[in-house]
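The values are calculated or read from the model by the stated rules, or taken from the named source; none is laboratory data. Computed from a predicted structure; not experimentally measured. Cβ coordinates were reconstructed from backbone atoms using ideal geometry, including for glycine residues, and neighbour counts include every protein chain displayed.
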């Protein structure tokens, strides 16, 4: 998957997790928490969905990389580059 | 021996009254439409299909889930929680309580449930089956969704209630048990307002259908709305239903101060246990339970105007309850007897509170809704006062007695008086 495809996938997961939020104006550089009503259980949903959809394992010590869209895509790129969308 | 507790002789601080209610039933999402459906003999039983079990029948609710919850709330929580949130908000609105200025730490939530957690557990097992039972794909939401207090706790979260909240697990006697618990907590001064009753999400677990089916106790009928037929000679089992009914209960003294409209007073109640079988009822213990409730209210059987039966449409359950009813009400000329499951199916934890709500309007309209779908009364279910297929007018409706019984031999009875 390309970085753009990974971004689309994260957006799709966020739409599931936060169905009431408008994600059109999401700022990739800003922390998710500063823009969306997300708590720790929601972040675990991102981890869980990546595991279920793509068998991507994210160890707890790496959760900090999921702070913003930009940091998430950067972190996931090497893990997901061989996945065919 | 339960000491007589004649309500009228108690101080107002110990008298418990119903000041509001919110409900969702397979045939109505508010009190008026539900009552209207009962008087018009409108069933809420429909064809239904569920994972693994396949096609069956059920009582299905269609309340507006997003009236009080966001889509995210719905994703996070459970169906039982959602039913409870809807009913509790509707009840508060109906009660006319100044909610914004209510001290939320003095509100208690007491929700009767038959079971809780089966739906979510089945869902998760279904999910991990797709991952060769890899438990790392088991949701972190599973525990907060399946803890036994979930259906009450979601109400607290939604409404900012910080008083006590918990569920009362009492099989299919739970709806009455929730009301009784609420009343007891008010009398003890543990809260100033009780949101109490019962809820059911049971149609979303295939296990309940499969288990009743294996027990030869699941109703079938080519016409869905005729499947739930307590007391009929051709009844063949239970129609499982979802739903909820929560009341606002207050001490009479508090209700008077705020000028609340009062829909009835809880004048008698009792809970006891058969201690004889996992599933088969015991009419002696049921009769004892009814008698205890009458004693507590200081009433004779013939003072009861309407008996709302528990009967679920099973062969032995209905006839056993009828033995208990003949024992207590056999000489009561005036008492009328009906059944509400014939319309909505068996709403499990919600059954007791929903069935009571179906009858309470009789205090005003003096009409007794019938038990429907009785083509031929089973001789074992013969009851003098049974109201069959058409509503009956009554000169007097002062007392309603509501039966609700459950597996493991739990029996519950509440008696409500006109106020």
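May I ask you to verify whether residue B:148 is touching a strand residue (DSSP E or B) at 6+ places or on another chain (Cβ under 6 Å), over 18 Å from residue A:52 (Cα atoms) and either at pLDDT below 95 or in a helix (DSSP H, G or I) (or both)?
no
Out of the residues in region B:42-91 that are farther than 26 Å from residue B:369 by Cα, touching a helix residue (DSSP H, G or I) at 6+ places or on another chain (Cβ under 7 Å) and part of a loop (DSSP other than H, G, I, E, B), which is farthest from the other protein chains (Cβ to nearest Cβ)?
Looking at residues that are farther than 26 Å from residue B:369 by Cα, touching a helix residue (DSSP H, G or I) at 6+ places or on another chain (Cβ under 7 Å) and part of a loop (DSSP other than H, G, I, E, B), I get B:53.
Please go through region A:66-85 and pick out each residue that is closer than 27 Å to residue B:124 by Cβ and in a helix (DSSP H, G or I).
Matches in region A:66-85: A:66, A:72, A:76, A:79, A:80.
From B:94, B:140, B:116, which residue is in contact with a strand residue (DSSP E or B) (Cβ under 8 Å, 6 or more places away or on another chain), assigned to a loop (DSSP other than H, G, I, E, B) and at pLDDT 95 or above?
After ruling out the rest, the residue left standing is B:116.
Of the residues that make up region B:26-39, is at least one within 16 Å of the chain's Cα centre (by Cα), under 30 Å from residue B:252 (Cβ atoms), in a loop (DSSP other than H, G, I, E, B) and at pLDDT 95 or above?
Among the residues of region B:26-39, at least one is within 16 Å of the chain's Cα centre (by Cα), under 30 Å from residue B:252 (Cβ atoms), in a loop (DSSP other than H, G, I, E, B) and at pLDDT 95 or above, which makes the answer yes.
How about region A:24-55: which of its residues are assigned to a loop (DSSP other than H, G, I, E, B) and either more than 14 Å from chain B (Cβ to nearest Cβ) or surrounded by 14 or more Cβ atoms within 10 Å (Cβ to Cβ) (or both)?
A:24, A:25, A:26, A:27, A:28, A:29, A:30, A:36, A:38
Select from region A:56-85 the residues that are loosely packed, with under 12 Cβ neighbours inside 10 Å and without any contact (Cβ under 8 Å) to a residue 24 or more places away in the chain and list them in ascending order.
A:57, A:59, A:60, A:61, A:64, A:78, A:82
When you scan region B:151-178, how many residues do you find that are more than 14 Å from chain A (Cβ to nearest Cβ) and either more than 18 Å from the chain's Cα centre (by Cα) or in a strand (DSSP E or B) (or both)?
15
Look through B:325, B:354 and report the one residue that is more than 15 Å from residue B:230 (Cα to Cα) and crowded, with 24+ Cβ neighbours inside 10 Å.
Numbers: B:325 fails: more than 15 Å from residue B:230 (Cα to Cα).
None of the others qualify; the one that does is B:354.
Answer with yes or no whether residue A:7 is crowded, with 18+ Cβ neighbours inside 10 Å, out of contact with any strand residue (DSSP E or B) (no Cβ under 8 Å at 6 or more places or on another chain) and in contact (Cβ under 8 Å) with a residue 40 or more places away in the chain.
In short, yes.
Out of all the residues in region B:338-346, is one or more more than 17 Å from residue B:175 (Cα to Cα), part of a loop (DSSP other than H, G, I, E, B) and either modelled with pLDDT of 95 or more or in the same structural domain as residue B:317 (by TED's automatic domain parsing) (or both)?
Of region B:338-346, the ones more than 17 Å from residue B:175 (Cα to Cα) are B:338, B:342-343.
So of that shortlist, the ones also part of a loop (DSSP other than H, G, I, E, B) come out as none.
No, that holds for no residue.
If we keep just the residues of region A:14-23 that are within 9 Å of another protein chain (Cβ to nearest Cβ) and surrounded by 17 or more Cβ atoms within 10 Å (Cβ to Cβ), which is farthest from the chain's Cα centre (by Cα)?
Filtering region A:14-23 for residues that are within 9 Å of another protein chain (Cβ to nearest Cβ) and surrounded by 17 or more Cβ atoms within 10 Å (Cβ to Cβ), the one farthest from the chain's Cα centre (by Cα) comes out as A:21.
For region B:128-149, check the following and say yes or no: at least one residue is touching a helix residue (DSSP H, G or I) at 6+ places or on another chain (Cβ under 7 Å) and more than 14 Å from every other protein chain (Cβ to nearest Cβ).
Yes, the conditions are met somewhere in region B:128-149.
Could you say whether any residue in region B:2-22 is in contact with a strand residue (DSSP E or B) (Cβ under 7 Å, 6 or more places away or on another chain), closer than 30 Å to residue B:343 by Cα and assigned to a helix (DSSP H, G or I)?
no
Of all residues in region B:358-416, which are under 23 Å from residue B:240 (Cα atoms) and part of a helix (DSSP H, G or I)?
Within region B:358-416, B:358, B:359, B:381, B:407, B:408, B:409 meet the criteria.
Spot the failing condition for residue A:7; the list is (1) within 13 Å of the chain's Cα centre (by Cα); (2) more than 25 Å from residue B:71 (Cα to Cα), and only one is missed.
Exception for residue A:7: condition (2).
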